[in-house]
Amino acid sequence: MNKRNFYVGMGMGLAVGGLAAWTMRPKKPTVKTMAGRALKTMGEVADAVTELLGL
């Protein structure tokens with residue numbers, strides 16, 4: 001095997017492995033997502049309260 005072929009193969013393997021690791025990394029929650037969840041929770045709480053009060 002030629003050394004150049006080995007280095008090309010190793011480089012391609014590292015690139016594909018790095019790309020795969022980058023795409024599977026855990027996503028950090030954004031402010032928009034956190035605000036949406038908070039609003040959804042507040043809506044559910046408001047619905048529960050109105051049901052308890054019988055309104």
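The values are calculated or read from the model by the stated rules, or taken from the named source; none is laboratory data. Since this is a predicted model, take the numbers as computed values, not measurements. Quick reminder, even Gly has a Cβ in these numbers, built from the backbone with ideal geometry, and neighbours come from all protein chains shown. These area figures cover heavy atoms from the full protein model, side chains too; ligands, DNA and RNA do not enter into them. Shrake-Rupley method; radii C 1.70, N 1.55, O 1.52, S 1.80 Å.
Here are some notes:
- Carbon + sulfur, % of accessible area of the chain - ligands and nucleic acids excluded, 1.4 Å: 70 percent
- Tilt relative to the chain, helix 3-23 - C-alpha long axis, 0 to 90 degrees, to 10: 0 degrees
- The residues of the chain expose on average 98 square angstrom of accessible surface per residue, using a 1.4 Å probe on protein heavy atoms.
- Cut-off 12 Å between beta-carbons: net charge of the residues surrounding Glu44, Lys and Arg +1, Asp and Glu -1: 0
- If you take all other residues with their beta carbon under 12 Å from the beta carbon of Met34, and give Lys and Arg +1 and Asp and Glu -1, the sum is +4.
- Calculated [θ] (222 nm, deg cm²/dmol) that DSSP helices of n ≥ 4 give over the chain, each run adding -39,500 (n - 2.57): -28000 deg cm²/dmol
- Listed values (i) 12.5; (ii) 14.6; (iii) 15.8, entry calculated as Kirkwood radius over Cα pairs in Å: (iii)
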